[in-house]
1. Please give the net charge around Glu230, taking every other residue with its beta carbon less than 15 angstrom from that of Glu230, where Lys and Arg add +1 and Asp and Glu add -1.
2. For Lys150, which aspartates and glutamates qualify as cross-link partners when the Cα separation must be under 14 Å and same-chain residues fewer than eight apart are set aside?
3. Give me the net charge for the shell around Gln242: Cβ to Cβ below 11 angstrom, other residues only, Lys and Arg +1, Asp and Glu -1.
4. Determine ³J(HN,Hα), in whole Hz, for all residues of the stretch 139-146 in sequence, where each value follows from phi through the Karplus function 6.51 cos²θ - 1.76 cosθ + 1.60 and θ = phi - 60°; x replaces Gly and Pro.
5. On the first, second and third principal axes, largest extent first, how far apart are the outermost C-alpha atoms of the stretch 94-192 in Å?
6. Just to confirm a number: summing +1 for Lys and Arg and -1 for Asp and Glu over residues other than His39 whose beta-carbon lies under 13 angstrom from that of His39, what do you get?
7. Rounded to whole Hz and in sequence order, give me ³J(HN,Hα) for the stretch 28-35 from the Karplus expression 6.51 cos²θ - 1.76 cosθ + 1.60, θ = phi - 60°, writing x for Gly and Pro.
8. Given the convex hull over the Cα atoms of the stretch 138-228, what projected area results after averaging over all orientations, in nm²?
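The values are calculated or read from the model by the stated rules, or taken from the named source; none is laboratory data. Predicted model, so just to flag it, every value in this text is computed and none were measured. Here the Cβ positions follow ideal geometry from the backbone for every residue, glycine too, while neighbour counts run over all protein chains shown. Side chains included, ligands, DNA and RNA excluded: accessible areas come from the protein's heavy atoms. Shrake-Rupley method; radii C 1.70, N 1.55, O 1.52, S 1.80 Å.
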Amino acid sequence: MKQPTLYVFAISHYCEKARWAMDRSGIDYKLKFIAPGVHAQKATKLGLKSSSVPILTAGEDVIQGSSEIIDWIDRHIPQSSSTLTPSNDSKAIESRLDEKTGVHVRRYYYSEAMVDCPETVKPMFKKGVPFVQKLLVDSIWSKVPTMMIKGMDLGPEQHLQSKAILDVEMDWLDGLLADGRPFLAGDQLSRADLAAASLLAPLVVPDEHPTYDTLILPPRVAADAIIWAERPVFNWVKSIYQQYR
Ligand SMILES: N[C@@H](CCC(=O)N[C@@H](CS)C(=O)NCC(=O)O)C(=O)O
């Protein structure tokens, strides 16, 4: 197999999920950071209808989406005890995390960061990308916050709505962990654990995260994160990162 390439944003929690799965798979692959904007051109060039990253290219295969990339890994690694899909449960939990936690962590964070302090986001958009793409981010930056606020439905109200949804989702996760289980589904690390840990990582900011050493949380998010740090799921995310990342 030709060496696969994984295209990611340094800031993206879905990209972190796919990258973590690739790292665990043992497959030799190339990691490419791409700047927002350039990613859409790349997706079009690859024949994709939607522009979102992560995208994995492997020979003729073009796989878009963190969950689809884990499915691809499952197909390419002979059934082993370290599969990330030991049960249907793991996939069901991952789906809920992708649809709720992932979406609302992003809207909650950007609703403050892009509205009140976009300059804190810019270094994350430039992180790891080729020099020319850094220049491109600088050149279009004055338009980016307005475009994202409109395109992603961001604002103070949305920040609070997403925060309330996150509280419900964290109650659910705390509930699952209440019986002392080490993993969300079954008795081994699975895609459910990678999803929960990576999608909550922008709030937990674990030391082992490969790109969040320079992530700056805006003030209200940082204050909420201190309160959420008391939750079992926050401590669990930290421990999953410590043990498995
Ligand atoms: N469900 C998808 C979500 C991917 C996603 O939303 N990616 C965002 C970054 S967090 C993105 O690429 N946004 C830019 C775009 O859609 O063009 C997955 O799991 O990969």
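1. Taking every other residue near Glu230 into account, the sum is -2.
2. Glu112
3. That works out to 0.
4. 6, 9, 4, 4, 9, 4, x, 4
5. The Cα atoms of the stretch 94-192 stretch 51, 33, 19 Å along their principal axes.
6. Once all neighbours under 13 Å are counted, the net charge is +3.
7. Listing the rounded values in order: 6, 9, 9, 9, 10, 7, 9, 7 Hz.
8. For the stretch 138-228, the mean projected area of the Cα convex hull comes to 7.9 nm².
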